[in-house]
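Student: Pasting in a structure now, in structure tokens, and then I'll have a few things to ask.
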Amino acid sequence: MYKCYNKKGLSEVCQKYSMHMFGFLAFLLISILSALALYKYALIRGENLAVYLPYGILIFILNIFYIKAIRLSREDYEDKLKIEKEYSQKLLHSQKRFLRYAVHETNTPLAVIVANIELFEMEHGKQSTIQNIDAATKNISGIYDDLSYLIQKDKIEYPKRKIPFCEFIESRVQFFDIVANQSNVHFEIIDESNNSKVFFNETKLQRIIDNNITNAIKYTYENELITIRLKNEASQIVFEISSHSRHILDTEHIFDAYYREDGVEDGLGLGLNLVQNICRKENVDISVESFENRTTFTYVFAKVHR
């Protein structure tokens, strides 16, 4: 009876038997070296080689046990590694499933809160307490959008379209305006791009802009100005956001997942990593400059030719 192996199965079989062959060759080499050593020792002493035969047999047996022990140790290690890998995969799957359910269950109550805030303001006008709730809701909304994107990014297509960059940024600043007011910071938008457009997916662009806006609001000192500047550079459009904010000590690792500098407790440490991943896929260049008096994030997009 013949066994049929696919490419993966054949590779595993070859790997398994190559390990056995390596063990056999190692055992054979050690045995030969041991025999040569005994033979040379017998010649030096001028004695009959048969006298050292028991020692040779003992070395031979010890070699067998040694090779066997190595093999068992390797197999035991491989079994443990396989079990740990399966456990890690199950844990990762459970984490993704929990995150998917959590995001799904958050959507409905969040929508209800937003709708009721709007209804209340229509009937009773704006009130400070409701505005506080609205600001907090928009912060939660930003986190929800990030997690939702992380879950769905490998499952759905994100079509691109021409987007007026300045108009898009103005709409996102307006969305977070109440959050900025709660933090006593203000925005100024300087458009030197001549109303240029970018060819981008709206969801991805929103994740980039929203994370930069919310981070600027979160870390800019009170009563300071957050400056957003758009400018043309040849066939590119540059988006800069800068303010007098907390000095970033390590600008190289600021985009790492879950990275937070000492003394920083806010946030999940996922937003900028998400931004970096989108920018890498869409060929958007990123640079960060941070000093004691000012921090600037710069993004360079390809400009749509009219």
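The values are calculated or read from the model by the stated rules, or taken from the named source; none is laboratory data. In this text, all values refer to a predicted model and were calculated from it rather than measured experimentally. Every residue, glycine as well, gets a Cβ built from its backbone with ideal geometry; the counts of neighbours run over all protein chains shown.
Student: Ile209 - would you say it is loosely packed, with under 12 Cβ neighbours inside 10 Å, modelled with pLDDT of 80 or more, out of contact with any strand residue (DSSP E or B) (no Cβ under 7 Å at 6 or more places or on another chain) and within 27 Å of Asn277 (Cβ to Cβ)?
Tutor: Details: loosely packed, with under 12 Cβ neighbours inside 10 Å: no; modelled with pLDDT of 80 or more: yes; out of contact with any strand residue (DSSP E or B) (no Cβ under 7 Å at 6 or more places or on another chain): yes; within 27 Å of Asn277 (Cβ to Cβ): yes.
No, not satisfied.
Student: Moving on. Of the residues that sit in segment 190-218 and are under 31 Å from the mean Cα position of the chain (by Cα) and β-branched (Val, Ile, Thr), which one is nearest to Arg294 (Cα to Cα)?
Tutor: Ile217
Student: Within segment 212-225, count every residue that is crowded, with 22+ Cβ neighbours inside 10 Å and not in a helix (DSSP H, G or I).
Tutor: 1
Student: Still on this structure, please answer the following. Just checking, which of Ile143, Ile117, Ile189, Ile208 is closer than 25 Å to Glu282 by Cα, assigned to a helix (DSSP H, G or I), touching a helix residue (DSSP H, G or I) at 6+ places or on another chain (Cβ under 8 Å) and of a type in the set (A, V, I, L, M, F, W, C)? So that I can check it myself, show each step before the final result.
Tutor: Details: Ile143 fails: touching a helix residue (DSSP H, G or I) at 6+ places or on another chain (Cβ under 8 Å); Ile117 fails: closer than 25 Å to Glu282 by Cα; Ile189 fails: assigned to a helix (DSSP H, G or I).
Just a single option satisfies the conditions, and that option is Ile208.
Yes/no matrix, rows are residues, columns are (1) farther than 21 Å from Ile113 by Cα; (2) polar (S, T, N, Q); (3) in contact (Cβ under 8 Å) with a residue 40 or more places away in the chain:
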residue: Ala136; (1), (2), (3): no, no, no
residue: Ser141; (1), (2), (3): no, yes, no
residue: Asn195; (1), (2), (3): yes, yes, no
residue: Gln206; (1), (2), (3): yes, yes, yes
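Student: Of all residues in segment 183-197, how many are farther than 20 Å from Ala216 by Cβ and buried (at least 16 other Cβ atoms within 10 Å of the Cβ)? Give the steps one after another, and end with the answer.
Tutor: Step one: of segment 183-197, the residues farther than 20 Å from Ala216 by Cβ are 194-197.
Next, from what is left, pick out any that are buried (at least 16 other Cβ atoms within 10 Å of the Cβ): 196-197.
The qualifying residues number 2.
Student: Same structure, new question: Here is a list: Gly46, Gly125. Which entry is at pLDDT below 70 and small (Gly, Ala, Ser)?
Tutor: From the options Gly46, Gly125, the qualifying one is Gly46.
Student: When only residues in segment 220-258 that are closer than 29 Å to Lys303 by Cβ and of a type in the set (Ser, Thr, Tyr) count, which is modelled with the lowest pLDDT?
Tutor: The initial filter retains those residues of segment 220-258 that are closer than 29 Å to Lys303 by Cβ, namely 220, 225-243, 245, 248, 251-252, 254-255.
Remaining after also requiring of a type in the set (Ser, Thr, Tyr): 220, 227, 235, 242-243, 245, 251.
Working: Thr220: 92, Thr227: 95, Ser235: 86, Ser242: 95, Ser243: 93, Ser245: 89, Thr251: 83.
The qualifying residue modelled with the lowest pLDDT is Thr251.
Student: So, one more: Picking from Val304, Val284, Val288, which residue would you name as being touching a Phe, Trp or Tyr at 6+ places or on another chain (Cβ under 6 Å), modelled with pLDDT under 90 and of a type in the set (Val, Ile, Thr)? Explain how you work it out, then say what you get.
Tutor: Values: Val284 fails: modelled with pLDDT under 90; Val288 fails: modelled with pLDDT under 90.
Result: Val304 is the single residue among Val304, Val284, Val288 that is touching a Phe, Trp or Tyr at 6+ places or on another chain (Cβ under 6 Å), modelled with pLDDT under 90 and of a type in the set (Val, Ile, Thr).
Student: Pairs only if they're at least six apart or on different chains, beta carbon under 6 angstrom, first in segment 277-306 and surrounded by 12 or more Cβ atoms within 10 Å (Cβ to Cβ), second of a type in the set (Gly, Ala, Ser); list them, first residue then second.
Tutor: Arg294/Ser242; Thr295/Ser245; Thr296/Ser242; Thr298/Ser287; Lys303/Ser196; Lys303/Ser235
Student: Would segment 164-182 turn up any residue that is within 22 Å of the chain's Cα centre (by Cα) and either outside the structural domain of Asn232 (by TED's automatic domain parsing) or crowded, with 19+ Cβ neighbours inside 10 Å (or both)?
Tutor: First, pick out the residues of segment 164-182 that are within 22 Å of the chain's Cα centre (by Cα): none.
No, the conditions are met nowhere in segment 164-182.
Student: Now a separate question. Determine whether segment 159-173 contains at least one residue that is in contact with a helix residue (DSSP H, G or I) (Cβ under 6 Å, 6 or more places away or on another chain), closer than 29 Å to Ile130 by Cα and assigned to a loop (DSSP other than H, G, I, E, B).
Tutor: Within segment 159-173, none of the residues are in contact with a helix residue (DSSP H, G or I) (Cβ under 6 Å, 6 or more places away or on another chain), closer than 29 Å to Ile130 by Cα and assigned to a loop (DSSP other than H, G, I, E, B).
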